[in-house]
């Protein structure tokens, strides 16, 4: 399953825009890219923008998880943390994608589309605890 997730992320990375920032943050060298996350959907490491909405709007991931943001709308959008500047895709044109990295610190990170500020969501970062 982890191999499939890595393959899917690599496939989506090939569709990413070459203009503007596409990554906010970095992951530790040599770390596993398998996301240990829970979400409202089966693809815990992907947020899709479609019909002027984020899906899922609320996502819970482990610290450092790489999240692919895919714009399936016909207009440009962003996925930008409010207040904290923890992550920002920059402007994603129609059909483009980018990646962000979940902050290392546990917490709740609200985000918006800075172009359409009524589009909102929350990224919750929570480390797994035994």
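The values are calculated or read from the model by the stated rules, or taken from the named source; none is laboratory data. Predicted model only: the values in this text are computed from it and were never measured. Neighbour counts are summed over all protein chains in view; Cβ atoms, including those assigned to glycine, are modelled from backbone coordinates with ideal geometry.
The residues listed here are 85, 72, 126; of these, the one that is surrounded by fewer than 18 Cβ atoms within 10 Å (Cβ to Cβ) and out of contact with any strand residue (DSSP E or B) (no Cβ under 8 Å at 6 or more places or on another chain) is 85.
One line per residue, one yes/no per condition, for (1) at pLDDT 50 or above; (2) over 14 Å from the mean Cα position of the chain (by Cα):
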| site | (1), (2) |
| --- | --- |
| 7 | no, yes |
| 10 | no, yes |
| 15 | no, yes |
| 30 | no, yes |
| 33 | no, no |
| 61 | yes, no |
| 70 | yes, no |
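Going by what's in this entry, would residue 90 be described as modelled with pLDDT of 95 or more and part of a loop (DSSP other than H, G, I, E, B)? Walk me through it before giving the result.
On the way: modelled with pLDDT of 95 or more: yes; part of a loop (DSSP other than H, G, I, E, B): yes.
In short, yes.
When segment 93-120 is filtered for residues that are part of a strand (DSSP E or B) and free of Cβ contacts under 8 Å to residues at least 24 places away in the same chain, the ones remaining, listed by number, are 107, 108.
Of all residues in segment 55-69, those that are within 21 Å of residue 118 (Cβ to Cβ), in contact (Cβ under 8 Å) with a residue 40 or more places away in the chain and crowded, with 17+ Cβ neighbours inside 10 Å total 2.
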